[in-house]
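Bear in mind these aren't lab numbers, they're just calculated from the coordinates by the rules spelled out. Source: prediction; values computed, not measured. Please note: Cβ atoms are built from the backbone with ideal geometry, for glycine as well, and neighbour counts cover all protein chains shown.
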Amino acid sequence: MGVEYKDYYKLLGVTKSASKDDVAKAFKKLARKYHPDLNPNDKDAEAKFKEINEAYEVLKDDEKRKLYDQLGPNWQHGQNFQRPPGYEHANFGNFEGGDFSDFFETIFGGGGFRRSGGFGADPFGGYANRPRRGRDVEATLNLTLEEAYSGGRKAVTIQDSGPGGSKTLEVNIPAGVKDGARIRLSGQGDRGMGGGSNGDLYLRVGIQPHQRFQLDGQNVVLDLPLAPWEAVLGATVRVPTLDGEIELNVPPGTSSGRKLRLRGRGLGSAAAKGDQYVRIVVRVPDSLTEQERALWENLRSLSTYSPRDF
């Protein structure tokens, strides 16, 4: 008995000579129109979506498309096709469901089809007669350096394809989270289809630039200006950290560019926690009183120190 098949080119609105890019564009345009997520409880749209997925599954594949094109001269009128060479030896198994056209099930297998990479392998995924898990989604979570260091709960609003266009989630930020880290929110990604579970939402942490601190991996760096006499004679200076101000002892003879380490004051957690480095920057006055100038002149005449050994 002959088997009827559908005109896949007509379903996608393309000609038989259409390129793979043209086929893909046509499919995406129609998929946007008939996607079940955008047409809830619309059985006609769901059926149309299945048909265009079926057509795209064949026409995007060179071998399947070639086989489809060779099935007979009257294929475009939906008439019975002549069985291709080797057809009688093929094992097509049992048909299931009956939701796909006889042609598609007989030639390419029944009971729903799989897409390489699973649901979400292309912008609209493959449709099948079984539950499909929603796609995982990634978004950027911008944090201040203080928020990343302290952690805690934060309300985050993200764009959503559902009603309302956005949703607000309460996110638990781990203390010391590093730039580029990902926070997983289970079930907050794209909705599943056919009763499938939702995908997950991954928030990639982006730490914003800070007016005082610089990030170096999980370490933080603070530039500390010192007067020349503080660098020469040493000093006790109050310096900011991400956990509040502390007093720092600057040893005598500290040159500009030297880094003093404050252990465990960076990002991270437990034994992997980074440090804070205080980078010394010696500053000189840009204007002097007559008395200050005289003292500096006197120091120059008395000092035996030479900063240049070359």
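Miscellaneous remarks
- Working note: Karplus 6.51/-1.76/1.60 with θ = phi - 60° gives the stretch 10-20 the couplings 5, 4, 8, x, 10, 8, 5, 8, 4, 6, 4 Hz, where Gly and Pro are set to x.
- Approximating the spin labels as points 7 Å out from Cα along Cα→Cβ, the V281-to-K43 distance works out to 7.2 nm.
- Relative packing of 44-57, 14-27, 251-264, which averages over residues the other C-beta atoms within 10 Å, highest first: 44-57, 14-27, 251-264
- Normalised radius of gyration (Cα atoms, divided by 2.2 N^0.38 Å) for the stretch 213-302: 1.35.
- The slack between A270 and D243, meaning 0.36 nm per residue of separation minus the straight C-alpha distance, is 8.2 nm.
- ³J(HN,Hα) computed for each position of the stretch 208-217 - Karplus, 6.51 cos²θ - 1.76 cosθ + 1.60, integer Hz, glycine/proline x: 6, x, 10, 6, 10, 9, 10, 8, 10, x
- Cross-link pairs beyond the 25 Å C-alpha cut-off, checked among K43/K64; K43/K66; K154/K259; K28/K154; K20/K48; K6/K29: K43/K64; K43/K66; K154/K259; K28/K154
- Amide H contacts of Q188 (H built 1.01 Å from N, under 5 Å, at least 5 apart or other chain): L201
- Here the label points at Y202 and S255, each 7 Å from Cα along the C-beta direction, are separated by 4.6 nm in the simple model.
- Given R0 = 35 Å, the distance between the Cβ atoms of R212 and S306 translates into a calculated FRET efficiency of 0.50.
- Projected label distance in nm at T15 and L169, using a 7 Å step from Cα toward the beta-carbon: 4.7
- Residue-span extension gain [E292 to R184] - 0.36 nm each, minus C-alpha spacing: 32.8 nm
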